[in-house]
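> One structure, pasted below without further comment.
Bear in mind that the values in this text are calculations on the coordinates, not laboratory data. Nothing here was measured: the structure is a model prediction, and the numbers come from that model. Using ideal geometry, Cβ is built from the backbone for each residue, glycine included, and neighbour counts are taken over all protein chains shown.
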Protein chains: 2
Amino acid sequence: MLTFRDTEYSCTSEVTLSLISGKWKILILSFLAKGTLRFNELQKLVPDATQRMLTLQLRTLEKDGLIARTVYAVSPPKVEYTLTEFGQRLVPMLSMLCRFGADYVEAHGSTAPEPQA
Amino acid sequence: MLTFRDTEYSCTSEVTLSLISGKWKILILSFLAKGTLRFNELQKLVPDATQRMLTLQLRTLEKDGLIARTVYAVSPPKVEYTLTEFGQRLVPMLSMLCRFGADYVEAHGSTAPEPQA
DNA sequence: CCGTATCCCAAGAGATACTG
DNA sequence: CAGTATCTCTTGGGATACGG
């Protein structure tokens, strides 16, 4: 049992989960894992996220120290997002989650494998 | 992009997340990783979960094939829960999530480490 | 002992419109 | 270009009571 930022967790793994749960966070992190991106590039890569949601998720990731936001004082505005060192550390974990998920879907995908007749 | 059980996922890691997100699932899985448990044993181990919530989480985990439920036709009733093979496979991942979370809390815990005076 | 049923609330997320 | 501001709706979870 631990308290972290006014929230109670029964295991530190729940802290990790709280960092990456959010409709578009995994997608965002995956793309940023390949390199720095601007806001509108992310928008194109995650077209189903509304501008509002994309911003919200980015703000949370930034506040949590997983990504860094750099604003260039130019016109038109230019903002870049990158993974922080901690964000980088997350990448191999995302891969594991991916692999497990893929295995799971393959095993449970075709719902109820017919017993060989 | 994939559809699995009427839900859209942009990455298989999101499938994995959906399997383990739930207020008490990680805790339940962690305890079951150490061995089979009866319902009321779980209740004592997870006292903050209401009976209803505990049941709900267990039902979901069962439906998702991560735990198995065995009912013994005795009086008073006796029900046992165990990890399935797939549930076992989850265990090392939970450990990784734990370790990352612990690192994270340690690094970000004492909010703004004072520059050594 | 091991649940289910009902009611309620708060957080997360979508749609849409506006701005420096 | 890169955001805020509202408003609404759905979902997860809590409280409580009852049943085989």
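> In nm, to one decimal, how far is the A:Glu85 label point from the A:Gln43 one, both placed 7 Å along Cα→Cβ?
So the label points at A:Glu85 and A:Gln43 sit 3.4 nm apart.
> Computed over the Cα atoms of chain A, what is the convex hull's projected area averaged over all directions, in nm²? Walk me through the numbers on the way to the answer.
Numbers: hull surface 42.4 nm².
The Cα convex hull of chain A, projected and averaged over all directions, gives 10.6 nm².
> For B:Lys78, what residues show an amide H to amide H distance below 5 Å, using hydrogens built from the backbone and excluding near sequence neighbours?
Under 5 Å from the amide H of B:Lys78 lie the amide H atoms of B:Tyr72, each far enough along the sequence or on another chain.
> In percent, what relative contact order does chain B have, based on Cα pairs under 8 Å that are 6 or more apart in sequence? Write out the running numbers ahead of the final one.
Numbers: 92 pairs, mean separation 25.5, N = 117.
The value is 22 percent.
> Quick check: the distance between the Cα centres of region B:1-28 and region A:54-90, to the nearest angstrom?
If you average the Cα positions of each part, the centres end up 25 Å apart.
> Of the trypsin sites (Lys or Arg not before Pro) in region B:20-66, which ones lie in a loop per DSSP and count no more than 12 other C-beta atoms within 10 Å? Display every interim value, and only then the final one.
On the way: sites: B:Lys23, B:Lys25, B:Lys34, B:Arg38, B:Lys44, B:Arg52, B:Arg59, B:Lys63; in loops: B:Lys23, B:Lys34.
Loop-located and lightly packed - B:Lys34.
> Once a ≥ b ≥ c are taken as the square roots of the eigenvalues of the Cα gyration tensor of the protein assembly as shown, is the result rounded (a/c under 1.5), prolate (a/b larger than b/c) or oblate (a/b not larger than b/c)?
Judged from the Cα gyration tensor, the protein assembly as shown comes out oblate (a/c at least 1.5, b/c at or above a/b).
> Considering amide H positions built from the backbone, and no H for Pro or chain starts, which residues 5 or more places from B:Phe4, or on another chain, come under 5 Å of its amide H?
B:Tyr9
> Determine which lysines satisfy two conditions relative to A:Lys63: a Cα distance under 19 Å, and not lying fewer than 8 residues away in the same chain.
Straight-distance partners of A:Lys63: A:Lys23, A:Lys25.
> What residues qualify as long-range amide H neighbours of B:Ala68, i.e. H under 5 Å apart, gap of 5 or more or another chain, H built at 1.01 Å from N?
For B:Ala68, the qualifying residues are B:Thr82, B:Leu83, B:Thr84.
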